[in-house]
Amino acid sequence: MPKLYLVPTPIGNLEDITLRSIRILKECDIIFAEDTRVTKRLLQHLEIQKPLQPFHAHNEHKSLKSAVDKVASVESAVLVSDAGTPGISDPGFLLIRECIREGISVECLPGPTAFVPAVVASGFPCDKFRYEGFLPHKKGRQTLLKNIAERDITTIVYESPHRLQKCLAQIEEFMGPEREVCVAREITKMFEEYQRGPVSLVKAHYEAHPPKGEIVVVISGKS
Ligand code: SAM
């Protein structure tokens, strides 16, 4: 009976991989990877050798059928992305949906994903929240910002360092200078930091200290 495992991988600190994830990587027949070079480095670190097949955003549609056929032909296949949980702002959804349609058993192991530590450590209510992934660059961006401005619950967005200032400026414009935000940067890495406070102050901080690395922005609900 074929099975597809979704295996989360570290978002920075290589110690953040579960014992079960390591075992599944060791036991599987094939690993589908977003970037085989990135996954090769992780496997080398774990001293695992396995056949790797690329499965990334650019070939996700084209390679879907052959990937499903491959999963169906083995006992156990794994899908990983470069970091974090496959399918969370990463390729995976199409393969998962197609495998389920084909009656293939699909299991996602619990493990690293950037938005969970970001929202929990933000100090904002996390009993209920909305994950938006990356904000659209153009179409729909303003409508979404207006929508977030009116929400009572916490919102999470992924952002790149060179777009952070624009994002914070627009949060200030649409939600006011007092809206509380938390910028979680380089989670689990050497320069991990959380900047919490009214958006005007957090924006001023990053004007003075242009950010590097990976970023999650958490926006408090309208209170
Ligand atoms: N699949 C991943 C997950 O489960 O979180 C997300 C992949 S998405 C392509 C990459 C984005 O996730 C980055 O641009 C950043 O917004 C966020 N991210 C990933 N690792 C991070 C880290 N260590 N610290 C802060 N944000 C991170």
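What FRET efficiency comes out for Glu150 versus Arg20 if R0 is 45 angstrom and r is the Cβ-Cβ distance? Round to the nearest 0.05. Display every interim value, and only then the final one.
On the way: r = 41 Å, r/R0 = 0.91.
Efficiency at R0 = 45 Å is approximately 0.65.
Using a 1.4 Å probe on the protein heavy atoms, what percent of the accessible area of the chain belongs to carbon and sulfur? Of all accessible area on the chain, carbon and sulfur atoms account for 53 percent.
Among rounded, prolate and oblate, which fits region 108-162 when a ≥ b ≥ c are the square roots of the eigenvalues of its C-alpha gyration tensor, a/c under 1.5 means rounded, and a/b larger than b/c means prolate?
Numbers: a/c = 2.09, a/b = 1.37, b/c = 1.52.
The shape class here is oblate.
Would region 115-219 count as rounded, prolate or oblate if I go by the C-alpha gyration tensor, calling it rounded below 1.5 in a/c and otherwise prolate when a/b exceeds b/c, oblate otherwise? Rounded is the answer for region 115-219, as its axis ratio a/c remains below 1.5.
What ranking of Thr18, Thr85 comes out by heavy-atom accessible area, probe 1.4 Å, highest first?
Details: Thr18 55, Thr85 20 Å².
Largest accessible area first, the residues go Thr18, Thr85.
Here the extension length gained between His137 and Met190 equals 16.1 nm, from 0.36 nm per residue of separation less the Cα-Cα distance.
Model label sites at Ser160 and Ala208, defined 7 Å from Cα along the beta-carbon direction, differ in position by 2.8 nm. Computed on the chain, with alpha-carbon pairs under 8 angstrom and 6+ residues apart, the relative contact order is 22 percent. Here Lys62 is the anchor, and the lysines within straight C-alpha reach of less than 18 Å, apart from those fewer than 8 places off in the same chain, are Lys70. Using heavy atoms of the protein chains and a probe of 1.4 Å, the accessible area assigned to Arg97 is about 90 Å².
Evaluate the relative contact order of region 3-108 (contact order divided by residue number), counting alpha-carbon pairs under 8 angstrom at least 6 apart; express in whole percent. Over region 3-108, the number comes to 44 percent.
Tell me, how many Å apart are the Cα centres for region 158-194 and for region 96-124? Each part reduced to its Cα centre gives a spacing of 23 Å. Against the chain, whose longest principal axis comes from its Cα atoms, helix 36-46 is set at around 80 degrees. Summarising the label geometry, the points placed 7 Å from Cα in the beta-carbon direction at Ala169 and Asp127 lie 3.8 nm from one another. When +1 charges are put on Lys and Arg Cβ atoms and -1 charges on Asp and Glu Cβ atoms, the dipole computed for region 115-219 relative to its Cα centre reaches about 380 debye. For the listed residue pairs Lys139/Lys222; Lys3/Lys128; Lys166/Lys203; Lys189/Lys212, the alpha carbons are over 20 angstrom apart in Lys139/Lys222; Lys3/Lys128.
The values are calculated or read from the model by the stated rules, or taken from the named source; none is laboratory data. A quick note: this is a predicted structure, and the numbers were derived from the prediction, not measured. We place every Cβ from the backbone using ideal geometry, glycine too, and count neighbours over all the protein chains shown. Note: accessible area is taken over every heavy atom of the protein model, side chains too, but ligands, DNA and RNA are not part of it. Shrake-Rupley method; radii C 1.70, N 1.55, O 1.52, S 1.80 Å.
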